[in-house]
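Heads up: the structure comes next, in structure tokens.
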Amino acid sequence: MRTTIRGKSVTVSDKDRAYIERKLRRLERMLDDRTEADVELRLEGNPKIEDSHVVGVTLSTGGQSVHSIAAAASFKVAADEVIDKLERRTVEARQRPRDRRRHAQERYVDASMLAAVVKERDLDDDDGSRVVKIKRFAIEPMFEEDAITRMEELGHAFFIFVNAENERIAVLYRRRDGRYGLIEPAIGGGYSGAD
């Protein structure tokens, strides 16, 4: 992604420029290589306005553009907000064609298959298997922060979800130190080790 960062009546500091470029890299995984990001930083003229730092971002790809703007107490906070907005919009835009296909397919699915979100099947204890229960459930793409919230709501020590950033299965787990770990399985991939 080609990025242009400029200030409107304000000089963009190297720290702000580096921070915004690093944050925009989160979007690169979801966008195509021809995407151009135009970032404009400006200060509101009225000094009494608390959220006077404004960051606007326009993403252009193949004749289409998406624009978002955010205001906050600093350029870094405004950049976080605007990039979060763009990330959600990008995921939603990528999801729309799949949703249309999914809705078309659901018309032909037996209604009994849609009755339960979670299906459990108890296995016989006599078969000698250590697996005694199988659960099947529908999962939707979500961001890591949403997965943490959902895991906390459920009171679980781990949570399986589809990561909205890369559309891959991920396992979120609570570490002994109270923080969180994320496992991203890769078929045939190398082992990354533990920390």
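Near residue 37, once Lys and Arg are set to +1 and Asp and Glu to -1 for all other residues with Cβ below 10 Å from its Cβ, the sum equals -3. Taking amide H as placed 1.01 Å from N in the peptide plane, the amide H of residue 143 sits under 5 Å from that of 164, each at least 5 places away or on another chain.
Just so you know, all these numbers are worked out from the coordinates, no wet-lab data involved. As the structure is a computational prediction, the values presented were derived from the model and not from experiment. Methodologically, a virtual Cβ is constructed for each residue, glycine included, from the backbone with ideal geometry; neighbour enumeration extends over all protein chains shown.
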